[in-house]
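What follows is a set of notes on a single structure, which appears directly below.
The values are calculated or read from the model by the stated rules, or taken from the named source; none is laboratory data. Everything numeric here is computed off the predicted structure, so don't read it as measured data. Neighbour counts run over all protein chains shown; Cβ positions are idealised from the backbone, glycine included.
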Amino acid sequence: MAKRDVYEELKDLQAEMVEMISKFEHVQDEVTKTLEENAELKIENQHLREVLRSDHDENINGNNTEPQLSKSRQNLEKLYEEGFHVCNFEYGKRRENDEPCAFCLDVIYGER
């Protein structure tokens with residue numbers, strides 16, 4: 001092997017190493033960004049959990065003057081207000097003269 005060939009191989013190897021170092025630095029930067037974003041998301045997630053927990057605790061402790069109905073009970077309440085029975089006995093039938101029905105009210109507002 002001639003000295004010139006060895007010198008060229010060393011130059012090629014050096015160029016490959018520079019390129020590899022550049023790729024390594026790029027990957028390292030991406031990992032750093034991902035770790036930072038992950039830490040931020042963990043903090044935000046913890047904050048949101050605390051907000052949800054405090055809202056839930058307020059609802060349970062009665063700080064809310066009126067208990068919230070579930071979506072399905074809200075739908076039943078709306079049907080009842082439109083003049084229809086929502087109880088098991090008369091479900092779907094019109095309430096005569098919009099008279100109150102204790103069974104319907106129990107279905108909507110009864111113990112959960």
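Yes or no, residue by residue, for (1) at pLDDT 90 or above; (2) within 30 Å of Val107 (Cβ to Cβ):
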site	(1), (2)
Asp12	yes, no
Val18	yes, no
Phe24	yes, no
Leu35	yes, no
Gln46	no, no
Gly62	no, yes
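Per this entry, Glu58 is not counted among residues that are surrounded by 10 or more Cβ atoms within 10 Å (Cβ to Cβ), at pLDDT 90 or above and either not in a helix (DSSP H, G or I) or not assigned by TED's automatic domain parsing to the domain that holds Asp98 (or both).
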